[in-house]
Each structure stands twice: as C-alpha cells, then as structure tokens.
Amino acid sequence: MSRPTGRRQFLSLSSRAFLAGLWVPAATLASSSGAERTSTKTAGNLYDRSFVLDGNSTPGIGRICCSDDTAEALKIVRESGVTAMKTTMGGFEGSFEETVGEIAAVQKLVGHFPDHFLRVARHDDLERAKREHRLALILSFEAASMLGDKPDRIETFRNLDVLVMQLSYNRRSPFGCGCLDGDTDGVTSLGREAIARMNSLGVALDLSHANVATTKEGIAASTKPVVITHAGCRAVFEHPRNKTDREMKAMADRGGVMGIYMLPFLTEDTRQPMLADFMRHLTHALDVCGEDHVGIGTDLSIAALTDEDITYLMKYLEERRKKGIAAPGENRPLYIPDLNTPRRLERVADAMQKQGYGSRTIEKVLGLNFSRVYRDIWTA
C-alpha cells in the first residue's frame, strides 16, 4: 500500500508518496525517541547483530532538514535497528514524470545525510549498509502506472536503481490483473514482455498486489525467483490481498521469498489485528514455504503512529475508498497496536524465540532471506 500524500515538503521538493512517508509530527518524534526495548535481552542481542530488512516500508522521519527535529528523527532511524528497507516510488498512480521526481528526491535525501542513508544500486550495498550503520533504501514500484504501456521504461528505471517492480496495483494494468478485479484474468502479452525484461535486467518481480491468476502465471513466466514483499496468508484469513497456500508454495519452490505485512487485512474488519494475529500468519507461512522463503514486509513507516497520525490516516483511507482502489478492511488504521514502535521487528524476533524458533531461523526471517533472493535476482 502506498503512503498518503504529505502535509509538508522535504527539501523544497514536490514528491508525493515517498515524501509523505517521511513526514512525522513532533509528537511522534517525542514518543518514538529512544526506540524502547521491551523484548528479552537475548532476543535484543540477536536483533541488534542481525541483518534486518523490511520488505516494504518508508523511513518515516520527516522534517529532517532545517528543523529542530532533525537530530531526533535521524536518531529514530538509527535506533530502529533496521538495516535496509524496500520503499515505494510513484505511489499507486504516479506518472512517469512524478516518479522520476520522487527518485530525485531520494537522491537528495541521501546526499544531505550520507552518514545515515545509502541508496541501493547492487547487492553489495546491503552488506555495506550493515557495516557502516546506515539505512539502505531499495527503490521499488507497487504500481505500473509510471511504466504506462511501455516495457522499455523498465530499463530506464533500472538505470535509476529501481530494483523491484510489480505488474499492477490493486486494479488491472496493461501488464496484469490486480487482486481487486477477480482471480481469473492473468498476465497479458505485454506483461510477459515486462517480466522478460525484468529478468534480463536484474529487476525483482513483486507479485504482492497481483490476483491469483497473475501470481500463478507470473511465477511460471519468470526465469528468476519472484518476491511477494508484503502480504498475508489466505488460509489464516480470507482476503484478496492474502495469498493462497498454492501460490506461496509455488513461489518458494522457485526460490522466492514472501514478507508478512502488518496491515489490518490479517483479521476480520471488526477489530484491530495484534501481534498474535501477525504471528499466526508468519508461522503459517513458515510451515508452507519453509524457513528459507519467509520474511517481513511491514508496509509501515519506521516511526510509531500517534493519535494525530491515525486521524490523518483515516481521512486518507476514505480518499482511497472514493477512488475505488481501497481493499476490503481499510476501515481501520494501518498498524498493529502492540507493534507500534520503531523496533517492531525486534518484538517479532522475541515472539519467534518464545515459540521455539532458533536463532538462525529468526535471522533468516528478519532479513537474510530477502538479502539472499535479491542477490539471486539482481545479478543480471
């Protein structure tokens, strides 16, 4: 899911979805500072030494230029323990020009704070970020609007370091069918051309928002592993944004990785999901896919949400419903209350440890699995 449009501009640039994710009110900075640690000492030590990759996120550190909050916001990022994140360019309907502008904005962010951020161009950059205690930003698309009906633009954006792309958002595109348009129509002939170009250029095919047919056909058409960076398990809760066991197994059999998200689609829409609900999806994915093919893609910003953020988010969700691109269940804030901390992935590690998972499995889920599959895919 793309972030809402921002209320401020960063570095006087006009980019939208990515920069909106960078906006955090002062109250959030105050409540998030110190990145509170509530997990066991053993899990905390494991988390701090692990390579941690959020399969779909935004930094959430706004007002970090020419602001009294700059140092505190950067501190939240560093203390979160996250090494790398995949972050969305162009939102769910961005044009070619708007998306290029957002990519330029990210480069300006990295240029202003080179000790804190690193824009990923190759797999070695992930390991470099861990060594240098920087946050690696993996640029990606969740929609195909910026490609139009022109697969050749994939190479253009690959040259701008966009390393992960989807065939569609929730609705159909010239390349494939999204999860809200039924489960029968699949990958188009133009979509097969797009997949072939992604494979040859070292771009990861992400099928998170694809429907069942597009997911199945996308996995079959790709000569490289595919990723499902942020989704849930349909066997645990029936929802069009969640994946079936058959899809998950097919993805794993081809070497891919699926990240479990922290969105309301984990449960029925009468309540807010909690850590226990997230863990039901995570453990099911591990049972179906195996420990080498599961990760975490929160679809959240790093910073904790405040009441002010939640009020704003609910207005944003109403806008999405009016546009017809909202998924069922978007009647609740996009977060899990007992994971509302910059160190939310540490709490997942703690929960896995309490359920008897070993350190190596936890490290794989925290980030090593995504790192491995990106190494396999990005080598053109």
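The values are calculated or read from the model by the stated rules, or taken from the named source; none is laboratory data. This one's a predicted model, so the numbers in the text were calculated from it and none came from an experiment. Cβ coordinates were reconstructed from backbone atoms using ideal geometry, including for glycine residues, and neighbour counts include every protein chain displayed.
A few comments on the model shown:
- Selection within the range 98-124 - over 22 Å from residue 204 (Cα atoms), free of Cβ contacts under 8 Å to residues at least 40 places away in the same chain and assigned to a helix (DSSP H, G or I): 110, 111
- Verdict on residue 360 being at pLDDT 95 or above and touching a Leu at 6+ places or on another chain (Cβ under 8 Å): no
- Going through (1) over 27 Å from residue 203 (Cα atoms); (2) surrounded by fewer than 19 Cβ atoms within 10 Å (Cβ to Cβ) one by one, residue 304 falls short only on (2).
- Within the range 311-349, if we keep just the residues that are touching a residue at least 24 places away in the same chain (Cβ under 8 Å) and β-branched (Val, Ile, Thr), the residue that is farthest from residue 45 (Cα to Cα) turns out to be 325.
- Taking the numbered list (1) in contact with a helix residue (DSSP H, G or I) (Cβ under 6 Å, 6 or more places away or on another chain); (2) over 26 Å from residue 240 (Cα atoms); (3) at pLDDT below 95 in turn, residue 93 passes all entries but (2).
- Filter result for residue 376 (in a helix (DSSP H, G or I), more than 22 Å from residue 79 (Cα to Cα), of a type in the set (Asp, Glu) and in contact (Cβ under 8 Å) with a residue 12 or more places away in the chain): yes
- The set of residues in the range 289-341 that are closer than 29 Å to residue 371 by Cβ and part of a helix (DSSP H, G or I) comprises 289, 338, 339.
Listed here are the residues, each with its yes/no results for (1) more than 18 Å from the chain's Cα centre (by Cα); (2) touching a residue at least 40 places away in the same chain (Cβ under 8 Å).
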position	(1), (2)
138	no, yes
149	yes, yes
154	yes, yes
163	no, yes
169	no, yes
181	yes, no
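- Yes/no for residue 214 being outside any loop (DSSP other than H, G, I, E, B), within 17 Å of residue 147 (Cβ to Cβ) and in contact (Cβ under 8 Å) with a residue 40 or more places away in the chain: yes
- Screening residue 132 with (1) in contact with a His (Cβ under 8 Å, 6 or more places away or on another chain); (2) farther than 14 Å from residue 163 by Cα; (3) acidic (Asp, Glu) gives one miss only, at (1).
- Yes/no for residue 293 being surrounded by fewer than 23 Cβ atoms within 10 Å (Cβ to Cβ) and touching a strand residue (DSSP E or B) at 6+ places or on another chain (Cβ under 7 Å): no
- Within the range 275-302, residues that are closer than 20 Å to residue 341 by Cβ have Cβ atoms under 6 Å from residues that are among the aromatic types (Phe, Trp, Tyr) and outside any loop (DSSP other than H, G, I, E, B) in these pairs: 295/370, counting only partners at least 6 apart in sequence or on another chain.
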